[in-house]
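Scroll down for the structure; my scribbles are underneath it.
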Amino acid sequence: MLQRLGNSVRRVTASDRGGDIVAAALVALVVVIALWKLVFFHAAIHHDARTQLYPWTMFISDALNDGQLPLWNPYAFLGYPMHVDMQARVWFPPVWLLALTAGYSFKLLQLELVGYIVLAAVTMFWCARVFGISRVGAFIAAVSFGLSGAFVGNAQHLPWLISLSLLPVHLALWRRGRRSGLTWDHVLIGASLGLVFLGGYPGFFIVSSTMIGLLLVVFGVRDGEYRRSNGFWTSRAIGDLIEASASEDRPMLERRIETLETVYAELSATYQAGKGAAAIPLD
């Protein structure tokens with residue numbers, strides 16, 4: 001299963017790319033429509049986003065526009081070193097960009113929050129397409145991901161949204177990069193993980209880094225081939241173990257393998273005949 005998942009390939013043509021851009025735009029539109037009250041300020045973000053993240057972000061914005069680094073915040077906890085708080089987003093590049101260009105306000109923070117939900121849906125669409133999922137399937141996956149409880153139920157936790165919106169990016173870059181070995185895709189994986197480190201939730205950074213590290217070890221970096229023996233486990237084919245066995249049960253086990261192969265071939269033929277042009281990557 002792991003080997004098939006890693007070897008699924010989708011060849012991209014110019015027409016595919018144009019259709020994907022249109023579909024991705026529709027994904028973004030659906031999410032914006034679903035969140036129209038936030039987009040047009042008929043509703044406002046609450047809880048941690050309002051009472052904690054908004055004051056922090058305004059402090060960062062004001063400090064930067066005054067020509068100062070937002071290192072020490074004298075207004076919270078009787079003063080504390082804000083620059084070492086991973087959830088304060090002091091070193092997050094998008095915060096600096098918005099602060100120095102538009103200048104933060106409550107409405108801008110709310111639109112930023114919506115932007116990460118839209119980004120999550122669009123990046124999930126791209127990730128699904130990279131893994132060979134059909135355009136319709138990718139569209140459903142993208143909208144379901146962007147409007148899932150992970151986002152809607154955690155809208156007050158902006159660092160969570162940032163981390164989750166970049167998760168499909170990690171996976172898509174890994175899948176694309178393993179085709180050609182050490183490429184810019186691996187550099188971009190490091191950059192996307194760096195954004196999670198600077199502006200996301202620490203737990204998500206640990207999980208995402210571990211996941212990508214495991215995938216790189218299991219599938220390799222330079223050739224992208226599945227490693228049966230890797231830094232985590234050693235896998236062996238049951239047929240090879242039976243063939244090397246000197247047990248008196250070997251003939252019985254070989255017949256059992258033949259029976260299972262026959263049943264699997266019949267099930268696979270039925271599945272292949274019924275999937276049509278769905279472009280499902282797994283056999």
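The amide H of N73, built 1.01 Å from its N in the peptide plane, has Y80, M82 as neighbours under 5 Å, considering only residues 5 or more places off or on other chains.
Based on the Kirkwood radius over alpha-carbon pairs, what value in µm²/s does the Stokes-Einstein equation return for the translational diffusion coefficient of the chain at 10 °C and 1.306 mPa s? Rounded, D is 72 µm²/s. Once you divide the Cα radius of gyration of the range 82-128 by 2.2 N^0.38 Å, the number left is 1.35.
Counting only whole DSSP H helices of the chain, the ones at least 27 Å long by C-alpha along their axis and with mean Kyte-Doolittle hydropathy no lower than 0.5 are 14-34, 106-130, 158-177.
Ranked by the mean number of other Cβ atoms within 10 Å per residue, highest first, peptides 106-114, 258-266, 195-203 order as 195-203, 106-114, 258-266.
Per-residue ellipticity at 222 nm, computed for the chain from helices alone with -39500 (n - 2.57) per DSSP H run of at least four residues, works out to -20000 deg cm²/dmol. Once the Kirkwood radius over Cα pairs is known for the range 90-218, the Stokes-Einstein relation at 4 °C and 1.567 mPa s delivers a diffusion coefficient of 85 µm²/s. Taking other C-beta atoms within 10 angstrom as a stand-in for reagent exposure, M124, M211, M86, M252 fall in the order M252, M211, M86, M124, fewest first.
Scoring 235-241, 171-177, 67-73 by mean Cβ neighbours within 10 Å over their residues and listing the highest first yields 171-177, 67-73, 235-241.
For the range 172-218, the percent of C-alpha pairs falling in each 10 Å distance bin, counted from 0 to the bin holding the largest distance, reads 28, 54, 18, 0. Here the peptides 159-166, 33-40, 226-233 are ranked by packing, the mean other Cβ count within 10 Å, and the order with the highest first is 159-166, 33-40, 226-233.
Each value in this text was obtained by applying a stated rule to the coordinates, not by laboratory testing. All values derive from a computational prediction rather than experimental measurement. Cβ coordinates were reconstructed from backbone atoms using ideal geometry, including for glycine residues, and neighbour counts include every protein chain displayed.
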